[in-house]
Amino acid sequence: MKVHKIGTSRPRKKASPSPASSSTHPGVEGGGTATKKRSGISLVERIWHGIYEGTKLAKQFHGDIGLDAFQNINRHCSTLYSSSSSFRILDLIMQAVWVDLFHARVATLASEPQNQYNSPTDNNILALKESRTVFECSEKEMRNKLAIWSGYKKIKDTGGWPALIFAEEGGGVYNVCKYRAGGWKEGIFDELEQLREAIELAADALQPEWRRLIEVLFGPDNRIPRRRSWEGQYPHQWVIGLDGRPIPLSDTYRGGLEYVLIETSVVDEEAWGDRDPRRVVPEGDEPYLCNTCGEIQSEEPLGNKCLCYPDLYGGGAGRRGGKYTPVQICRTQNKGNGLIARLPIPAGAGVGEFVGTITRGLRGVDVMEGGIEPDKYQISQARRGNFTRFINHSCKPNTHFKVFVWLGIERIIIVSNGVKAGTEITVDYSNGYWDGLDKICRCGEEQCRYPRGGAVVYADA
Ligand SMILES: [Zn+2]
Ligand SMILES: [Zn+2]
């Protein structure tokens, strides 16, 4: 049986630093907001930023697009090379497509009788000359456009349309393609190819409006041919396989167990009635003051003053408790499923809340324990929970558990020790979990505490 086991690292109220004493380094523990600086980041990271944090597409393409708007866009795009506008993404798509048209034109020229003695270079120059009359620019400028736009096409051909669309942020991909820097490094296209479906999955699940861009440009009958669509699906219903292909989460469980994904914990009424044992401040005792920073907590972005874990809590800012956490469930080489970070998560930032069924009295299964008698509770992720269930153990983890009280309710959260983009997120399940288990740890770290034993342990089956 393979259940998530976090056993005894159990942050307990008693064991964890008291609220008063933990406020000594608010800047470190609470500094969750990721840097907004985008310059110098790699192309791949730019794409993930666009998908997980970009709301631009959703805002622009909600609702119908009338004829006037459509014609405006058409006129706008017919210039192709306009440099700054809110529809920059449309330019980008057109320009990538234009490269295909250009090559088709070169091929056409080559097939015409009057050009039968031309070299390929001659035909290239001919086509460039033709386009220059429309673009009204010098040959050098036209060649520059061709070079940069060929970069867009290559990103699109290798990483798929979403890779190009979401890479565009503040003209960033233009610089990437123009200077071949900041992301044009060796192996970038191998990496993009490997990530192609993972990118499409994330884009379809989180920003499905991106497909409308193509409709807008080329009409509803000319959609991007979809090899597969995850539109409207919950991102963690899928697991990225070792070959880069997403597979349904349920297929990765033996017996096809249907795992229920939830974003907030559910109190087991049979165990607790209508009482939530995690509650440490009476309900309605508002305002709730953070016992770490002392500020007012609220789900309303304007009312909230607590910035301890802004990626997890606090209205508009708090998105990481849910589907927008920049992580994907992935198959691992030898540990079953695991959780991979798509963006860096700075030390001190919240990765997610340990969400599951709040119950008690379970024995012989793996649960997280919290609270003190008579409110000692267990959080079970056996049948339902969130993506934190898929975090594997490591003896040298890059995150840790922490108790945090939000709106008067005790939460167990996972806090980053500094997670690099593209790496597996791990946490130490603690000795209490391993003691008495005849299992080996496969973390592969030099300081691994449980390298020998019998069965294999991993976060799920
Ligand atoms: Zn706070
Ligand atoms: Zn280990």
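The values are calculated or read from the model by the stated rules, or taken from the named source; none is laboratory data. As the structure is a computational prediction, the values presented were derived from the model and not from experiment. So basically every Cβ, Gly included, is an ideal-geometry build from the backbone, and we count neighbours across all protein chains shown.
General remarks:
- The single condition from (1) among the hydrophobic types (A, V, I, L, M, F, W, C); (2) more than 22 Å from N175 (Cα to Cα); (3) modelled with pLDDT of 50 or more that F87 fails is (2).
- For C290, the stated conditions hold: it is at pLDDT 95 or above and away from ligand 2 (no atom under 16 Å from the Cβ).
- Of all positions in segment 398-407, at least one carries a residue that is more than 16 Å from ligand 1 (Cβ to nearest atom), assigned to a strand (DSSP E or B), at pLDDT 75 or above and crowded, with 21+ Cβ neighbours inside 10 Å.
- Pick from segment 296-334, criterion more than 16 Å from ligand 1 (Cβ to nearest atom), within 25 Å of Q207 (Cα to Cα) and in a loop (DSSP other than H, G, I, E, B), ranking: modelled with the highest pLDDT: P326
- Checked against (1) within 16 Å of ligand 2 (Cβ to nearest atom); (2) farther than 28 Å from A349 by Cβ, H393 meets all criteria but (2).
- Some residue of segment 296-306 being in contact (Cβ under 8 Å) with a residue 12 or more places away in the chain and of a type in the set (V, I, T): no
This table checks each residue for (1) touching a Lys or Arg at 6+ places or on another chain (Cβ under 9 Å); (2) not in a strand (DSSP E or B); (3) not assigned by TED's automatic domain parsing to the domain that holds R279.
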| site | (1), (2), (3) |
| --- | --- |
| R363 | no, yes, no |
| I372 | yes, yes, no |
| Q378 | yes, no, no |
| T388 | no, yes, no |
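- Residue-level analysis places K335 among those that are in the same structural domain as Q378 (by TED's automatic domain parsing) and within 16 Å of ligand 2 (Cβ to nearest atom).
- Of all residues in segment 296-310 being crowded, with 17+ Cβ neighbours inside 10 Å and of a type outside the set (F, W, Y), the one that is farthest from ligand 2 (Cβ to nearest atom): S298
- Filtering segment 357-373 to residues that are on the phi < 0 side of the Ramachandran plot and touching a residue at least 24 places away in the same chain (Cβ under 8 Å) leaves T357, I358, T359, R360, V365, D366, V367, M368, E369, G370, I372.
- Filter result (among the hydroxyl-bearing types (S, T, Y) and in contact (Cβ under 8 Å) with a residue 12 or more places away in the chain) within segment 104-140: S131
- Test: residue in segment 127-138 that is at pLDDT 90 or above and crowded, with 19+ Cβ neighbours inside 10 Å: no
- When A349, A341, A382 are screened for being more than 19 Å from S265 (Cα to Cα) and either modelled with pLDDT under 95 or within 16 Å of ligand 1 (Cβ to nearest atom) (or both), only A349 passes.
- Within segment 232-251, being surrounded by 13 or more Cβ atoms within 10 Å (Cβ to Cβ) and at pLDDT below 90 holds for Q233, Y234, P235, S250.
- Residue match in segment 360-367 (condition: buried (at least 20 other Cβ atoms within 10 Å of the Cβ), under 25 Å from the mean Cα position of the chain (by Cα) and away from ligand 1 (no atom under 16 Å from the Cβ)): no
- Meets criteria (out of contact with any helix residue (DSSP H, G or I) (no Cβ under 9 Å at 6 or more places or on another chain) and away from ligand 1 (no atom under 16 Å from the Cβ)) for P287: no
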